[in-house]
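Here's the structure we're looking at; comments come further down.
The values are calculated or read from the model by the stated rules, or taken from the named source; none is laboratory data. Remember, it's a predicted structure, so these values are computed and weren't measured experimentally. Please note: Cβ atoms are built from the backbone with ideal geometry, for glycine as well, and neighbour counts cover all protein chains shown. Protein only, heavy atoms only, side chains kept; ligands, DNA and RNA dropped before computing areas. Shrake-Rupley method; radii C 1.70, N 1.55, O 1.52, S 1.80 Å.
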Amino acid sequence: MKTSRTALGGIALATAAALAVAGCGGSDGESGGDGEMSDVTLMLNWYPYGEHAPFYYGVEQGIFEEHGINLEIQAGQGSTKTAQAVGQEQVDFGWADTPAVLANIDSGVAIHSVGVFLQTTPSAVQIFSDSGIETPEDLVGTTIAVSAGDAPTTVFPMYLEAVGLSESDVTQQNLDPAGKIAAMLSGQVDGLIGFAHDQGPTIQAESGREVSYLRYSDAGLNFFSNGLIAPDTTIADDPELVSAMAAATSEAFQAAADDPQAAVEAMDGKDPQMPEADVLQNQWEETILLLHTDATEGEAPGVTAAEDWENTLTLLSDAELISGEGSVEDYFDDSFAPGA
């Protein structure tokens, strides 16, 4: 059985820029099933970057409108804050990293995933292609920038074990996300741990040097990443709206994958902190590679496989990112999968 959903979350801070893309926002509109429009707010996991192109393209192409949704896109400041903002109903929906979503649900935040779209983890060791680091074995003796507490860093020891190395083979330097990029650009570290579809294209553009990736998924470590999340109250009280949002998001992702250039062009001028167009293009094209697993290849974006959910829960539990006591149903509502 295949299902679909997305995970998102965060606390809406005053400093998180609200990007009014369509409509005036809010959650007091009617669901779109009877032809009326709903004003819907979506909080991203971070400031807009290439991964988010489908939302802007979906608005521009009228996909969300066709589903009765006036969509307002808001910047986020991390998946945990987004998950919490959704749980507190400060926004209607969220876009967040699955490990953070599941951890917040374990902590009592009243949300569920309603569709995961990045189904292959973007977690990777990122290095310059001319660094001489070509295989995992070449990491021995290197210094790699990490950010303590995030999923890619927490799973890094499991990656090292999977490729036959130990933690002592690599020096880990703990830095914040911006500090990791600066350290790699300045040569203070040999590489960094992060999302290949995010930092890599930025570093490549700023340095003029090609970036390569040692991907966790290539070592057999895969777990779900970003997706759509909704408050439990909305799931219970307005399932039609959740279905409409999930369906529109799936259609928008497919449309953006079919025309990557047009999708990125739809982001033009939407936020002052947005990367340059060539970086956005690279980020979105890298994201397209993450939309399916072997179990969901050929399915609509957001359709997930039960086996991939189980694998995600097992890996995140082994990494102690989640309790390990919950079942798939505790985290994910499969009622809103495309075609369900």
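Some values worked out for this structure:
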item	result
Checklist (1) in contact with a helix residue (DSSP H, G or I) (Cβ under 9 Å, 6 or more places away or on another chain); (2) open to solvent by 20 Å² or more (accessible area, probe 1.4 Å); (3) farther than 19 Å from Gly220 by Cβ applied to Asp130, failing item	(1)
Qualifying position, being assigned to a strand (DSSP E or B) and either within 20 Å of Leu291 (Cα to Cα) or not charged (D, E, K, R) (or both), among Leu221, Leu228	Leu228
Every residue from segment 324-340 that is among the hydroxyl-bearing types (Ser, Thr, Tyr) and either in a helix (DSSP H, G or I) or modelled with pLDDT under 95 (or both)	Tyr331, Ser335
All strands (runs of 3 or more DSSP E) inside segment 118-177 with 1 or more residues being farther than 30 Å from Ala257 by Cβ	143-146, 171-174
Candidates Leu321, Leu290, Leu315, Leu280, filtered to the one that is within 21 Å of Arg215 (Cα to Cα), part of a loop (DSSP other than H, G, I, E, B) and open to solvent by less than 20 Å² (accessible area, probe 1.4 Å)	Leu290
Pairs with Cβ under 6 Å, 6+ apart, first in segment 280-306 and touching a residue at least 60 places away in the same chain (Cβ under 8 Å), second of a type in the set (D, E, K, R) and not in a helix (DSSP H, G or I)	Val303/Lys2; Ala305/Lys2
Residue pairs meeting the criteria (Cβ under 7 Å; at least 6 apart or on separate chains; first of a type in the set (Lys, Arg) and open to solvent by less than 30 Å² (accessible area, probe 1.4 Å), in segment 245-263; second assigned to a helix (DSSP H, G or I) and at pLDDT 95 or above)	none
Filter result for Gly200 (touching a residue at least 60 places away in the same chain (Cβ under 8 Å) and on the phi > 0 side of the Ramachandran plot)	no
Failed criterion for Gln188 (all others in (1) over 17 Å from Asp130 (Cα atoms); (2) open to solvent by 50 Å² or more (accessible area, probe 1.4 Å); (3) outside any helix (DSSP H, G or I) hold)	(1)
For Thr296: the one exception among (1) part of a loop (DSSP other than H, G, I, E, B); (2) more than 26 Å from Ala100 (Cα to Cα)	(2)
